[in-house]
Amino acid sequence: MARQASRLIRSLSSQISSPKTQISPLSSLSSSSPSQFLTHSRAFSAAPAPQPAVFVDKNTRVICQGITGKNGTFHTEQAIEYGTKMVGGVTPKKGGTEHLGLPVFNSVAEAKAETKANASVIYVPPPFAAAAIMEAMEAELDLVVCITEGIPQHDMVRVKAALNQQSKTRLIGPNCPGIIKPGECKIGIMPGYIHKPGRIGIVSRSGTLTYEAVFQTTAVGLGQSTCVGIGGDPFNGTNFVDCVTKFLADPQTEGIILIGEIGGTAEEDAVALIKESGTEKPIVAFIAGLTAPPGRRMGHAGAIVSGGKGTAQDKIKTLREAGVTVVESPAKIGAAMHDVFKQRGLLN
Amino acid sequence: MARKKIREYDSKRLLKEHLKRLVHIDLPICSAQVTESTDFTELLEKESWLSQRRLVVKPDMLFGKRGKSGLVALNLDFAGAVEFIKKRLGQEIEIEGCKGPITTFIIEPFIPHKEEYYLAISSERLGFNISFSECGGIEIEENWDKVNSIFLPTKSPLTDEAIAPLIADLPSEIGKKIGNFMKGVFAVFQDLDFSFIEMNPFTLVDGEAYPLDMRGELDENAAFKNEDKWGNLEFPLPFGRVLSPEESFILDLNDKTSASLKFTLLNPKGRIWNMIAGGGASLIYTDTVGDLGCATELGNYTEYGGPSEEEMLKLARVILDCATANPDGRKRSILIGGNIANLTDVGATFDGIIRALKEKKSELKEANIHIYVRRGGPNYLTGLAKMQAVGEELGIPVEVYGPEAVMTGICNRAIEGM
């Protein structure tokens with residue numbers, strides 16, 4: 001765990017100290033020397049957009065796998081209404097048709113080639129969801145968000161192994177509400193209307209609690225930079241550590257909210273990262289399941305406390321030792337962040 | 001979580017059947033399962049080996065450390081086994097603080113043996129953990145340093161090379177046999193979507209591996225893939241959990257729908273009941289009521305997500321029945337709603353609850369029920385207005401709050417005056 005955190009810190013600090021790494025699209029023209037790139041860059045009129053700070057932004061082009069199904073249809077409509085750049089969908093055997101005004105393709109590869117999509121959202125039932133993730137990975141999309149709940153463990157272990165052998169595609173989920181950059185891109189089932197573009201990055205295992213934190217941070221005037229629902233499954237594509245890494249490096253994210261649950265060690269891993277980074281960004285956390293007795297299953301399928309490890313009390317202690325403000329009630333998340341901002345003179 | 005424990009009887013049944021199918025290993029194990037409905041004459045007819053060999057009897061109730069519980073009998077004949085079981089079936093015992101009745105036993109041939117080996121396979125995030133020890137059995141925990149483990153990354157085959165470190169200390173003939181057995185068990189593990197298998201111990205009979213005690217966990221999410229392979233399989237509740245009729249009813253409903261409906265009875269005499277949407281939110285409400293000092297007054301733990309009006313009606317009826325039982329004149333509260341819905345039409349989902357409330361008008365009044373609603377989401381104002389209206393119509397105190405109130409504010413309101 002700590003090794004993973006230090007690896008991330010090293011890559012983080014190298015990103016900060018060598019801005020050249022951001023000119024990645026031009027580096028494929030390996031015949032020219034670097035200085036020529038800088039003078040000739042203005043000649044390329046359609047330079048690809050820079051990478052999003054936290055996985056998605058207004059330039060993200062999204063396809064929906066499972067678009068013609070009930071959930072796919074409903075949520076794609078909502079996404080279009082929000083202003084997400086939905087560019088197409090994938091339903092095998094329905095390629096060539098149109099749905100919700102978008103072109104439907106038989107495969108992710110076809111969809112990507114035609115629409116230049118770089119992200120996908122998956123609303124596909126459990127028996128087929130792992131294959132859908134693999135397909136998106138093979139097509140080398142930048143981001144895959146899998147909403148599906150109930151994918152068999154061995155399927156996800158295989159997906160995880162494949163994910164780890166490449167670095168092009170990131171998976172968020174499965175069994176997650178999705179990711180939203182308010183005002184720019186909404187991928188998933190969260191209520192867009194409570195979000196407001198702003199200064200706080202939120203990462204959470206629980207969808208419903210996230211919406212409370214969003215509502216509160218909107219209400220105190222802070223707004224959100226990006227909100228990531230990583231989902232309730234222990235075998236998932238993106239964890240607290242991955243999101244906190246991005247938040248720490250994102251200038252728009254001035255404060256971070258972590259919403260965790262009993263079970264597993266994801267929050268503890270994030271703490272190691274926070275400590276090593278030495279960041280001054282205010283961090284507020286809430287851990288659900290304080291009253292859950294050991295051995296009982298409550299809340300999410302993923303949230304089981306087994307003998308000592310992963311109890312809410314342990315997590316809260318670890319977080320506080322790293323300088324994180326841990327609130328005891330979800331009602332206090334927004335106010336706590338507001339207070340820390342005030343104390344640090346960050347309020348205008 | 002999808003990792004669900006299964007009985008030893010089923011673990012062994014699956015192992016035997018699929019070890020044969022996948023790697024042509026004939027495991028000579030046999031087991032018989034005994035429950036309160038077992039007819040011993042019929043059992044003997046089906047499993048004639050029961051009268052031909054000496055037997056071992058063990059409880060098959062998903063708890064371990066059975067040898068230390070006084071529930072295991074060795075070297076009995078069939079009549080002795082039947083007597084042993086009849087004396088104990090249905091009796092309540094306590095294991096690690098959990099009380100419950102013994103409902104299921106397993107009978108197997110008594111195998112005198114010398115060696116006791118340990119084997120465990122478990123699914124991890126990036127692959128599999130395989131552990132082996134020559135010092136298995138009841139003292140395994142004391143000899144944990146003698147356990148060898150390997151980590152096999154996903155997609156890597158379990159080759160002789162990979163197994164070598166596990167069996168390094170064994171004489172080569174035995175090592176080969178056990179190595180082959182391990183490969184076979186691993187093949188079954190993967191093919192049947194096990195998430196955990198443990199044999200403590202297995203021994204050698206005529207030079208071949210023979211599991212004596214075995215534990216297994218299957219990935220319930222993989223049920224759709226394995227219906228035929230798993231056959232008639234039961235996922236028993238943890239020991240000590242006996243479902244009430246209401247809980248069984250809702251569990252049944254939940255299994256038949258893609259919506260989520262959960263109901264656990266905590267305290268039938270409790271005075272704070274809830275109908276909360278969302279796994280995270282429902283945890284929060286129970287935590288908050290606990291924080292306010294009223295955890296013991298919680299009647300139920302409930303979570304729902306995406307139900308139809310009919311499904312909501314059924315869930316609400318169960319909760320209202322429980323909440324209004326045995327009225328004693330003191331205040332009782334029902335918390336409804338929860339968080340800010342994303343896309344659920346709040347106006348529509350309340351309709352199921354409202355129908356249930358109307359059905360129970362007199363019971364609600366007699367039990368002095370106060371209702372507190374907090375909800376946000378599409379059409380929430382319509383939903384809240386409907387709830388307010390039904391309160392007025394039925395003459396029951398109903399307070400409604402939208403997302404401007406904190407989620408758990410209604411918990412304070414609910415316990416006021418208790």
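The values are calculated or read from the model by the stated rules, or taken from the named source; none is laboratory data. Predicted model, so just to flag it, every value in this text is computed and none were measured. Because the Cβ atoms are built from the backbone with ideal geometry, glycine has one as well, and the counts that use them run over all protein chains shown. With ligands, DNA and RNA removed, areas are computed over all heavy atoms of the protein, side chains included. Shrake-Rupley method; radii C 1.70, N 1.55, O 1.52, S 1.80 Å.
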Starting from the Kirkwood radius over alpha-carbon pairs of segment A:100-207, derive D by Stokes-Einstein at 10 °C in a medium of 1.306 mPa s and give it in µm² s⁻¹.
-> 107
Exposure rank, largest accessible area first [B:TRP273, B:TRP144; 1.4 Å] = B:TRP144, B:TRP273
Express the Stokes-Einstein translational diffusion coefficient of segment B:7-117 in µm² s⁻¹, to the nearest whole number, given a Kirkwood radius over alpha-carbon pairs, 25 °C and a viscosity of 0.890 mPa s.
-> 163
Just grab the label-to-label distance for B:ASN75 and B:LYS365, each label 7 Å out from Cα along the Cβ direction, in nm (one decimal).
-> 7.4
From the square roots a ≥ b ≥ c of the eigenvalues of the alpha-carbon gyration tensor of segment B:259-418, which class results: rounded (a/c under 1.5), prolate (a/b over b/c), or oblate?
-> rounded
Heads up, I need the accessible area for B:LEU27: 1.4 angstrom probe, whole protein in place, Å², nearest 10.
-> 10
Angle between chain B longest axis and helix B:279-291 axis [Cα atoms, degrees, rounded to 10] = 70
Mean projection area, nm², convex hull over Cα of segment B:36-78 = 3.7
Nearest 0.05, what FRET efficiency do A:ILE80 and A:ALA49 give at R0 = 22 Å with Cβ-Cβ as r?
-> 0.60
Name the residues of segment B:1-31 whose accessible area, probed at 1.4 Å, falls by at least 40 Å² once all protein chains are in place instead of their chain on its own?
-> B:MET1
Under the 7 Å Cα-to-Cβ spin-label approximation, B:PHE40 and B:GLU161 lie apart by a distance in nanometres of 5.6
Heavy atoms only, probe 1.4 angstrom, no DNA, RNA or ligands counted: give me A:LYS315, A:LYS58 ranked by accessible area, highest first.
-> A:LYS58, A:LYS315
Where only protein heavy atoms count, and the probe is 1.4 Å, what is the accessible area per residue for segment B:119-262 in Å²?
-> 48
Estimated FRET transfer efficiency when R0 is 30 angstrom, pair B:ALA325-B:ASP351 (beta carbons, to 0.05) | 0.75
Using only Cα atoms, tell me the angle between helix B:346-359 and the longest principal axis of chain B; keep it within 0 to 90° and round to the nearest 10.
-> 80
Using alpha-carbon coordinates, inclination of helix B:245-255 to the longest axis of chain B, degrees | 80
Can you tell me the FRET efficiency between A:ALA219 and A:GLU138 if r is taken as the Cβ-Cβ distance and R0 is 60 Å, rounded to the nearest 0.05?
-> 0.90
For B:ARG21, the accessible surface traced by a 1.4 Å probe with all protein chains present amounts, in square angstrom to the nearest 10, to 110
Using Cα pairs closer than 8 Å and at least 6 residues apart in sequence, work out the relative contact order for chain B, in percent.
-> 12
Which whole-percent values make up P(r) of segment B:54-182 when all C-alpha to C-alpha distances are grouped in 5 Å steps starting at zero?
-> 2, 9, 15, 15, 14, 14, 13, 10, 6, 2, 0
With label points set 7 Å from each Cα along the Cα-to-Cβ direction at B:GLU94 and B:LEU204, the distance between them in nm comes to 4.5
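Could you check what % of the DSSP bridge pairs in the protein assembly as shown are antiparallel, to the nearest 5?
Numbers: 62 of 117 bridges.
Bridges in the protein assembly as shown that DSSP calls antiparallel: roughly 55 percent.
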Note down the accessible area of A:TYR82, probe 1.4 Å, to the nearest 10 Å².
-> 70
Taking all protein chains together and a probe of 1.4 Å, list B:HIS113, B:HIS370, A:HIS75, B:HIS24 from the most accessible to the least accessible.
-> B:HIS24, B:HIS113, B:HIS370, A:HIS75
Rounded to the nearest 100 Å², the accessible area hidden between B and A, summed over both chains at a 1.4 Å probe radius, is 3700
Prolate/oblate/rounded call for the protein assembly as shown, Cα gyration tensor, a/c under 1.5 rounded = oblate
Shielding by partners, peptide B:284-291 (average Cβ within 10 angstrom, other chains) = 5
Using a 1.4 angstrom probe, figure out how much accessible area segment B:1-104 has per residue, in square angstrom, rounded to the nearest whole.
-> 53
In Å, the Kirkwood hydrodynamic radius of segment A:172-273 over pairs of distinct alpha carbons?
-> 13.3
Rg/Rh ratio calculated on Cα atoms of segment B:152-253 (Kirkwood radius) | 1.10
In segment B:7-137, lysine pairs 8 or more places apart or on different chains with C-alpha atoms under 16 Å apart total 6
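Determine the dipole magnitude for the protein assembly as shown: charges of +1 sit on the beta-carbon of Lys and Arg, -1 on that of Asp and Glu, nothing else is charged, the reference point is the Cα centre, and the result goes in debye to the nearest 20. Could the numbers behind the result be given before it?
Numbers: 83 positive and 91 negative charges, 378 e Å.
That gives the protein assembly as shown a dipole magnitude of about 1820 debye.
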Within 10 Å of each Cβ in peptide A:182-193, how many partner chain Cβ atoms are there on average? Round it to a whole number, please.
-> 2
Please report, as a whole percent, how much of the solvent-accessible surface of segment B:320-382 comes from carbon and sulfur atoms (probe radius 1.4 Å).
-> 46
Binned at 20 Å from zero, the C-alpha pair distances of chain B give percents of 23, 40, 29, 7, 0
Just tell me how shielded B:272-283 is by partners: mean number of partner chain Cβ atoms within 10 Å of each residue's Cβ, no decimals.
-> 6
